[in-house]
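A.B. asks: Can you keep this structure in mind? I'll have questions shortly.
The values are calculated or read from the model by the stated rules, or taken from the named source; none is laboratory data. What you see is a predicted model; the values in this text were computed from it and never measured. Positions of Cβ are backbone-derived with ideal geometry, glycine not excepted, and every protein chain shown enters the neighbour counts. These accessible areas exclude ligands, DNA and RNA; they are computed on the full protein's heavy atoms, side chains included. Shrake-Rupley method; radii C 1.70, N 1.55, O 1.52, S 1.80 Å.
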Amino acid sequence: MSRQRKIALVGNPNAGKSALFNALTGARQKIANYPGVTVERKSGRFTLPTGEPIEMTDLPGAYGLDATSPDEEVTSKVVRGQFAGEAEPDVLVVVLDASNLEQHLVFAQELLALGKPTVVALNMIDLAERDGLVLDPGVLAEELGVPVIPTVAVRRRGLAELGEAIASAGQREAGPGLTDIGQTERRVAAHAMANAAILSESRQRRLHASLDKVLLNPWAGPLVLFAILFVIFQAVFAWATPFADGLEAGVGFLHDSVTALMPAGLVRDLITEGIIAGVGSVVVFLPQIVILFAFILAMEASGYMARAAFLMDRLMAHVGLSGRSFIPLLSSFACAIPGIMATRSISDPKDRLTTILIAPMMTCSARLPVYAVIIAAFIPNRSVGLGVGLQGLVLFALYVAGVLGAMLVALILRRSVTKGAASGFIMELPKYQLPRLSDLAIGLWQRAWIFLRRAGTIIFTVTVVLWLMLSFPRANPGESQVDASIAGKVANGLAVVVEPIGFNRDMALALIPAMAAREVAVSSLATTYAVDASDEEEEAAELGDQLQSRWTLPMALAFLAWFVFAPQCMSTIAVTRRETNGWKWPAFMLAYLFGLAYLAAGATYWVAVAAGL
Ligand SMILES: Nc1nc2c(ncn2[C@@H]2O[C@H](COP(=O)(O)OP(=O)(O)OP(=O)(O)O)[C@@H](O)[C@H]2O)c(=O)[nH]1
Ligand SMILES: [Mg+2]
């Protein structure tokens, strides 16, 4: 038998390629309602209705085969069989957005000209129908000379027909090449073809245009965006409280049960002081993480996120970046790693480098537990009027501080290290959609699972190692266990460096393991105080109460300021090295972020002390 055939999914960004890929192969590729979601190729397997097994590749969206950005280059190379170590695809499945036909037909013609066996998936026909667009796939098939199969990837409609068409896709003649016919001619042809295929169009399309008039208005738009963000941070505190309290009570119960059931000794201490106090102190933030992501995912699926990018474009231009940087920066609110990878959709290398360098300043979700524990302990839970909670307001301010810091740094970098002019912004705005609950649920489950897996692996490991270093060598009677331990000695050394910015020994101690994952700052403090406790009651006290009795308000604020800027996670440095091909830029990033964190924490501490807080 000949080798297994390969197919590639190609098309414009946001056509639904990844959704189709997921539906056919059962994969869980990220899909979201804005262009530039997929930046790498991804393969999976599925079986055609004929029983033939086939390998399918999902590709980043592109506007043409002469690539202008790193992600488009992947697409262009794979399609032409020039991607190292990968066989040329035997069949192309060109995915078109039916409600955006004219635009998507431009790239489709270029792909058809390659002369490969091709099938067109006329995707999102549900949206076209909703907008009152009646299409004739037959006309389109005739114009293009290949089978055209209407599909709705997210409802699995048309998949069987698509499979059949792929199975019987035949050889074709190559059309006029890239150089023979220009983009303009393809546009004219696309216009004609779309007009022939569209049987009728209603006025419903105007409804969304009027929504855009408000949301993209230069005055009303930013106000709405600001209001939405504000609500999110209020919700993170207000809605999570009952769930977080429940989890905290559970952790407390576990601690008391183990203490009562096990004989006193080192093993019990490891379980109560290390695992339960340490890891438990992080796990209680699961509700906050889930609420934050519920908003982010809903904004992504509805199409609002792309509008936000559009609004930010003007602001970004002032600091020398384009709106294209917005999506990578936004992804960095989940985690800087996918954020830095998403910069592959930025074509200008200096634009891209600047975006990579400032991405760690976006507040990643690993910082949320650190912020939340300190805010809950030191900022009173009261309203500042109009139902606005002070705690949510402080959290909002910390996120804003990160964004402003990033903009300021971008401004400086674009005038020095990565000098250059801002490039233009082209991004088609996706259609509005109501987020599907099942997609939302899957997305939330994935985020929750990532968080819990981190707690069970990296946070668990680092906490246990830290507990060991805190527990040995054993202290003499009357001596503090923490001071006597290896970790305590290291921390006392480091404390000299961070004393000028108001940090004590325990804060210094938390900074080192937090390099592995930021949440460990929380578990490290919890474990330190559990080891340091003089009796069981003190050991079981909640971390918030421990902090309140041991830190002053200026110290707490300085610690928060540190975490806004500090480059605390190794994986971010590693991904920066990979994406910039060397150690120069990660080293630069590390140095400037540490410097900034030190200055910010110091300034915060001394201003707070001077203000008598
Ligand atoms: N209503 C409807 N929505 C769809 C359909 N197919 C995809 N979507 C939605 O359209 C959006 C874009 O889908 P993706 O699969 O991420 O698009 P993509 O082509 O992979 O985009 P890039 O990776 O950016 O190139 C997502 O919000 C999907 O849920 C469809 O047939 N009908
Ligand atoms: Mg995709």
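A.B. asks: Solvent-accessible area per residue for the range 499-613 at a 1.4 Å probe radius, Å²?
C.D. replies: Details: 4480 Å² over 115 residues.
That works out to 39 Å² per residue.
A.B. asks: Give Lys30/Lys584; Lys213/Lys419; Lys116/Lys350; Lys30/Lys419; Lys17/Lys116 a once-over and call out the pairs whose C-alpha atoms are over 29 Å from each other. All intermediate terms of the calculation are to be shown ahead of the outcome.
C.D. replies: Details: Lys30/Lys584 31 Å; Lys213/Lys419 35 Å; Lys116/Lys350 36 Å; Lys30/Lys419 33 Å; Lys17/Lys116 19 Å.
Over 29 Å apart, Cα to Cα: Lys30/Lys584; Lys213/Lys419; Lys116/Lys350; Lys30/Lys419.
A.B. asks: Now, a different point. Which helices of the chain meet both criteria: a Cα extent of 20 Å or more along the helical axis and a mean Kyte-Doolittle score no lower than 0.0, with helices taken as whole DSSP H segments? If you can, show how the numbers build up before the last one.
C.D. replies: Values: long enough: 183-197 (21 Å, -0.43); 220-238 (27 Å, 2.42); 240-261 (31 Å, 0.63); 286-302 (24 Å, 1.92); 304-318 (22 Å, 0.42); 390-415 (37 Å, 1.87); 437-454 (26 Å, 0.39); 584-610 (39 Å, 1.21).
Sorted by number, the helices that extend far enough and score high enough are 220-238, 240-261, 286-302, 304-318, 390-415, 437-454, 584-610.
A.B. asks: Next up: Note down the relative contact order for the range 508-613 as a percent, whole number, built from C-alpha pairs under 8 angstrom at least six residues apart.
C.D. replies: Working: 90 pairs, mean separation 32.2, N = 106.
Relative contact order of the range 508-613: 30 percent.
A.B. asks: As a check on your grasp of the helix formula, calculate [θ] at 222 nm for the chain: sum -39500 (n - 2.57) over DSSP H runs of n ≥ 4, divide by the residue count, round to the nearest 500. Write down the numbers at each step before the final one.
C.D. replies: Values: 30 runs with 353 residues, N = 613.
Dividing the helical sum by the residues of the chain leaves -18000 deg cm²/dmol.
A.B. asks: If you don't mind, another one. Applying a 10 Å radius around every beta-carbon, put 93-102, 323-332, 466-475 in order of their mean neighbour count, most first.
C.D. replies: 323-332, 93-102, 466-475
A.B. asks: Express the Stokes-Einstein translational diffusion coefficient of the chain in µm² s⁻¹, to the nearest whole number, given a Kirkwood radius over alpha-carbon pairs, 37 °C and a viscosity of 0.692 mPa s. Don't skip to the answer; put the middle values down first.
C.D. replies: Details: Rh = 26.7 Å.
For these conditions, the coefficient is 123 µm²/s.
A.B. asks: Still on this structure, I have one more. Just for the chain, what percent of DSSP beta bridges are antiparallel, to the closest 5?
C.D. replies: Numbers: 11 of 29 bridges.
Looking only at bridges with both residues in the chain, the antiparallel portion is about 40 percent.
A.B. asks: If you don't mind, another one. Treating only the Cβ of Lys, Arg, Asp and Glu as charged (+1, +1, -1, -1), what charge dipole size does the chain show about its Cα centre? Round to the nearest 20 debye.
C.D. replies: 1100 debye
A.B. asks: Just going by the charge dipole of the range 264-406, with Lys and Arg at +1 and Asp and Glu at -1 on Cβ, which of Ala372, Ile340, Gln391 is farthest out on the positive end?
C.D. replies: Checking the options against the dipole of the range 264-406, the answer is Ile340.
A.B. asks: Compute and list, largest first, the equivalent-ellipsoid semi-axes of the range 235-302 from the alpha carbon gyration tensor, each √(5λ) rounded to a whole angstrom.
C.D. replies: That gives 33, 11, 6 Å for the three semi-axes.
A.B. asks: Let me ask another. Considering only DSSP beta bridges where both residues belong to the range 1-91, give the percentage that are antiparallel (nearest 5). Write out the running numbers ahead of the final one.
C.D. replies: Details: 6 of 11 bridges.
So the antiparallel bridges amount to about 55 percent of the total.
A.B. asks: Please work out the FRET efficiency for the pair Arg80 and Trp219, using the Cβ-Cβ distance as r and a Förster radius of 51 Å; give the result to the nearest 0.05.
C.D. replies: Working: r = 47 Å, r/R0 = 0.92.
Efficiency, from the Cβ-Cβ distance: 0.65.
A.B. asks: Magnitude of the Cβ-charge dipole of the range 52-153, K/R +1 and D/E -1, about the Cα centre, nearest 20 debye? Each step should come with its number before you reach the end.
C.D. replies: Details: 4 positive and 19 negative charges, 22 e Å.
Around 100 debye, computed over the range 52-153.
A.B. asks: Another one. Ignoring ligands, DNA and RNA, what percent of the accessible area of the range 21-124 is carbon or sulfur (1.4 Å)?
C.D. replies: On the way: 1550 of 3470 Å².
Summing carbon and sulfur atoms, their accessible area is 45 percent of the total for the range 21-124.
A.B. asks: Report the per residue volume, in Å³, of the convex hull enclosing the C-alpha atoms of the range 2-137.
C.D. replies: Numbers: hull volume 16.2 nm³, N = 136.
Looking at the range 2-137, the number lands at 119 Å³ per residue.
A.B. asks: Can you give the accessible area per residue of the range 56-105, in Å², using a 1.4 Å probe? Write down the numbers at each step before the final one.
C.D. replies: Details: 1520 Å² over 50 residues.
In whole numbers, the range 56-105 has 30 Å² accessible per residue.
A.B. asks: If you place +1 on the Cβ of every Lys and Arg and -1 on the Cβ of every Asp and Glu, how big does the dipole about the Cα centre of the range 412-512 come out, in debye to the nearest 20?
C.D. replies: On the way: 11 positive and 6 negative charges, 102 e Å.
Here the size comes out at about 500 debye.
A.B. asks: OK, next. Any chance you could run the full-extension gain for Trp239 through Ala591? It's 0.36 nm times the residue separation minus the Cα-Cα distance, nm to one decimal. Don't skip to the answer; put the middle values down first.
C.D. replies: On the way: separation 352, 0.36 × 352 = 126.72 nm, distance 3.79 nm.
Taking 0.36 nm per residue and subtracting the Cα distance, the gain is 122.9 nm.
A.B. asks: Right, next: To the nearest Å, what is the center-to-center distance of the range 272-300 and the range 109-154, using C-alpha atoms only?
C.D. replies: When both Cα centres are located, 43 Å separates them.
A.B. asks: I'm checking a number: the convex hull volume of the Cα atoms of the range 488-613, normalised per residue, in Å³. What is it? Can you show the working numbers first?
C.D. replies: Numbers: hull volume 13.1 nm³, N = 126.
It is 104 Å³ per residue.
A.B. asks: Another question about this same structure. Given N residues in the range 1-56, what is Rg(Cα) / (2.2 N^0.38 Å)? Please report the intermediate quantities before stating the final value.
C.D. replies: Numbers: Rg = 12.3 Å, N = 56, 2.2 N^0.38 = 10.2 Å.
With N residues counted in the range 1-56, Rg over 2.2 N^0.38 Å equals 1.21.
A.B. asks: Sticking with this structure for a sec: When the accessible area of the range 292-429 is split by element with a 1.4 Å probe, what percent falls to carbon and sulfur? Before the final figure, lay out the partial values.
C.D. replies: Working: 3270 of 4650 Å².
Here carbon and sulfur together make up 70 percent of the probe-accessible area.
A.B. asks: Moving on to the next point. Hey, can you rank 363-375, 244-256, 585-597 by average C-beta count inside 10 Å, highest first?
C.D. replies: Details: 363-375: 23.6, 244-256: 14.8, 585-597: 17.3.
By packing density, highest mean first, the sequence is 363-375, 585-597, 244-256.
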